[in-house]
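What follows is a short report on a single structure.
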Amino acid sequence: MKTFDVKAAQGRALGARIEMKGCKFKHYKGGEYIVMGVDVDEATGQVRVTYWSIDRNHYWSRSLDEFAEMVEVDGKQIARFRKK
């Protein structure tokens with residue numbers, strides 16, 4: 001039994017997919033990535049981003065919240081991923 005709002009999760013994924021799919025992003029540590037897709041985890045309702053490492057030639061996946069979050073570096077808040 002689903003314990004999350006399926007329509008809300010799908011709507012959030014669709015909005016992110018429109019903005020992000022096919023776009024290049026730079027990770028705060030320097031790697032470059034292309035977003036391949038945004039989807040909803042069927043079991044949890046978590047919106048996830050799948051992205052491809054240009055440098056390492058493989059795929060990664062993380063939650064949209066984590067992908068879009070700010071991280072602290074040298075006392076400053078910066079984006080984990082910055083759109084190129």
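No lab work stands behind these numbers, since they all come straight from the coordinates. No experiment lies behind these values; they were computed from the predicted model shown. Methodologically, a virtual Cβ is constructed for each residue, glycine included, from the backbone with ideal geometry; neighbour enumeration extends over all protein chains shown.
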Return the residue satisfying two criteria in turn: it lies in the range 55-84 and is among the hydrophobic types (A, V, I, L, M, F, W, C), without any contact (Cβ under 8 Å) to a residue 40 or more places away in the chain and part of a strand (DSSP E or B), and of such residues it is surrounded by the fewest Cβ atoms within 10 Å (Cβ to Cβ). Met70
For residues that are within 17 Å of Lys24 (Cα to Cα) and hydrophobic (A, V, I, L, M, F, W, C), scanning just the range 51-75, find the one that is farthest from the chain's Cα centre (by Cα). Ile54
Exactly one of Ala43, Ala16 is in a loop (DSSP other than H, G, I, E, B) and not polar (S, T, N, Q), and that residue is Ala43
Restricting attention to the range 20-40, and to residues there that are part of a strand (DSSP E or B) and among the hydrophobic types (A, V, I, L, M, F, W, C), which single residue is farthest from Val73 (Cα to Cα)? Val40
Candidate set: the range 35-47, residues that are surrounded by 17 or more Cβ atoms within 10 Å (Cβ to Cβ) and among the aliphatic types (A, V, I, L, M); chosen: the one nearest to Lys84 (Cα to Cα): Val35
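Considering only the range 3-12, I want to know if a residue exists there that is surrounded by 14 or more Cβ atoms within 10 Å (Cβ to Cβ), free of Cβ contacts under 8 Å to residues at least 40 places away in the same chain, over 14 Å from Asp65 (Cβ atoms) and not polar (S, T, N, Q).
No; the residues of the range 3-12 include none that is surrounded by 14 or more Cβ atoms within 10 Å (Cβ to Cβ), free of Cβ contacts under 8 Å to residues at least 40 places away in the same chain, over 14 Å from Asp65 (Cβ atoms) and not polar (S, T, N, Q).
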Would you say Val47 is in contact with a Phe, Trp or Tyr (Cβ under 9 Å, 6 or more places away or on another chain) and of a type in the set (A, V, I, L, M)? no
Just name the residue that is surrounded by the most Cβ atoms within 10 Å (Cβ to Cβ) out of those in the range 23-34 that are touching a residue at least 24 places away in the same chain (Cβ under 8 Å) and not acidic (Asp, Glu). Tyr33
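Report, by residue number, each residue of the range 18-64 that is aliphatic (A, V, I, L, M) and out of contact with any helix residue (DSSP H, G or I) (no Cβ under 7 Å at 6 or more places or on another chain).
Within the range 18-64, Ile18, Met20, Ile34, Met36, Ala43, Ile54 qualify.
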